[in-house]
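Enquirer: Below you'll find the structure I mean.
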Amino acid sequence: MSINTEIPVRVAKITPVAEKIRRFRLERLDGQPMPYFSAGAHVVVSMHDGDILRRNPYSLMSAPYDSSAYEISVLAVENSRGGSAFMHRISEGDELRVSQPVNLFPADHRGRKHILIAGGIGITPFLAMMAQFSRDNVAFELHYAMRSRTHGAYWQDLLQQYGPQRVKTYFDAEGDRIPLNAILDNQPLGTHLYVCGPAGMIDGVLLAGLEAGWPRENLHSERFLAPPPGQPFKIWLEQSRLSITVGEHQSILEAIEAAGVDAPYMCRGGACGQCETTVLSCDGEIEHNDIYLSDEEKAERRKIMICVSRFKGQQLALQL
Ligand code: FES
């Protein structure tokens, strides 16, 4: 992605939808329609927060066939690196930039039925998927786990819109649990399963699916990892001939962008592989925080995903 393809937008509407969750309606400044997207897609929102440029990915939750605006929902996370806190400070009328939509979590249209399993704010890509499935008359059901009735977003609307046969809700505060094994055991051949939510939930659902004999290609997940904080460190960019310090709450990618160097990215969350960068030399330990590289690749120390990984040591030189 590049800043040249970003779309300037205005925050047309902000709606509080649950405890710590706000929905944003983003309309183009030039009045043109938004690019169409496929359900499951996300955009990266660029936020100018004083001198700092923040870029966070958010799933598109509006209907894919509605090009009048994009809608996203943002949870105010504790220990925010700044992005979600920024989104909870802004007002209607403020201007932002969004990337072109990218889909790393598409529905498999060969599926005879689709099971959607959401945890918390992981509901957002499923809102777009359900709109599309419903319009296409495709069989689906949603299993949606939330902390409590006040923490959960959209569940009343979804129950009303799609009915209790297709929408099942589970509240941690009331001791509910998603009956995963029963769900996995009772599906027609050709069913696809999608999970989005906290990492532990995703891992548990995928493992349970495999143990129940589901084909790996019928199990889909989406997770974006936030770049973890850590001690500041220096890197050397060989092609740019630049030495850069990566701050405590910065990713390598963010430090590079702040220095005016363009680097490719899509998810900014360690999942897509787009920001893979060649390591030219490494005197120290790379902290591989991504879920893209294999264990063997991580051990070789020849590649690094600069959106989430960090470094501890004397010297790290990158081909950038
Ligand atoms: S941008 Fe997707 S893994 Fe880094």
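The values are calculated or read from the model by the stated rules, or taken from the named source; none is laboratory data. Quick caveat: nothing in here was measured; it's all calculated off a predicted structure. We place every Cβ from the backbone using ideal geometry, glycine too, and count neighbours over all the protein chains shown. When the accessible area is computed, the model is the full protein with side chains, heavy atoms only, and any ligands, DNA or RNA have been set aside. Shrake-Rupley method; radii C 1.70, N 1.55, O 1.52, S 1.80 Å.
Enquirer: Give all pairs with beta carbons closer than 9 Å in which a residue from region 302-316 that is free of Cβ contacts under 8 Å to residues at least 60 places away in the same chain meets a residue that is within 11 Å of the ligand (Cβ to nearest atom) and of a type in the set (Lys, Arg); count only pairs at least 6 apart in sequence or on separate chains.
Expert: Filtered contacts from region 302-316: no entries.
Enquirer: Let me ask something else about it. Only residues in region 83-105 that are without any contact (Cβ under 8 Å) to a residue 40 or more places away in the chain count as the first member; pair them with residues that are in a loop (DSSP other than H, G, I, E, B) and surrounded by fewer than 21 Cβ atoms within 10 Å (Cβ to Cβ), Cβ under 8 angstrom, at least 6 apart or cross-chain, and list the lot.
Expert: Partner pairs satisfying both residue conditions: Ser84/Ala76; Ser84/Val77; Ala85/Ala76.
Enquirer: Any residue in region 158-172 that's open to solvent by less than 80 Å² (accessible area, probe 1.4 Å) and at pLDDT below 95: show its pairings with residues that are part of a helix (DSSP H, G or I) and of a type in the set (S, T, N, Q) at Cβ separation under 7 Å, as long as the two are six or more apart or on different chains.
Expert: If the second residue must be part of a helix (DSSP H, G or I) and of a type in the set (S, T, N, Q), no pairs are left.
Enquirer: Scan region 184-201 residue by residue and report those that are crowded, with 20+ Cβ neighbours inside 10 Å and within 18 Å of the chain's Cα centre (by Cα).
Expert: Selection gives Leu193, Tyr194, Val195, Cys196, Gly197, Met201.
Enquirer: One residue is enough: does region 141-155 have a residue meeting the conditions closer than 19 Å to Ile21 by Cβ, β-branched (Val, Ile, Thr) and in a strand (DSSP E or B)?
Expert: The answer is no, given that none of the residues of region 141-155 is closer than 19 Å to Ile21 by Cβ, β-branched (Val, Ile, Thr) and in a strand (DSSP E or B).
Enquirer: Before we move on, is Gly230 surrounded by 15 or more Cβ atoms within 10 Å (Cβ to Cβ), more than 11 Å from the ligand (Cβ to nearest atom), at pLDDT below 95 and not in a strand (DSSP E or B)?
Expert: yes
Enquirer: Determine if region 172-185 includes at least one residue that is of a type in the set (A, V, I, L, M, F, W, C) and part of a strand (DSSP E or B).
Expert: No, the conditions are met nowhere in region 172-185.
Enquirer: Separate question: Regarding region 117-133, can at least one residue be identified that is more than 23 Å from the chain's Cα centre (by Cα) and not β-branched (Val, Ile, Thr)?
Expert: No, region 117-133 contains no residue that is more than 23 Å from the chain's Cα centre (by Cα) and not β-branched (Val, Ile, Thr).
Enquirer: For region 124-134, check the following and say yes or no: at least one residue is crowded, with 22+ Cβ neighbours inside 10 Å and polar (S, T, N, Q).
Expert: Yes, some residue in region 124-134 is crowded, with 22+ Cβ neighbours inside 10 Å and polar (S, T, N, Q).
Enquirer: Sticking with this structure for a sec: Could you grab me the full set of residues in region 265-308 that are within 15 Å of the chain's Cα centre (by Cα), at positive phi and among the charged types (D, E, K, R)?
Expert: The answer is Arg268, and nothing else.
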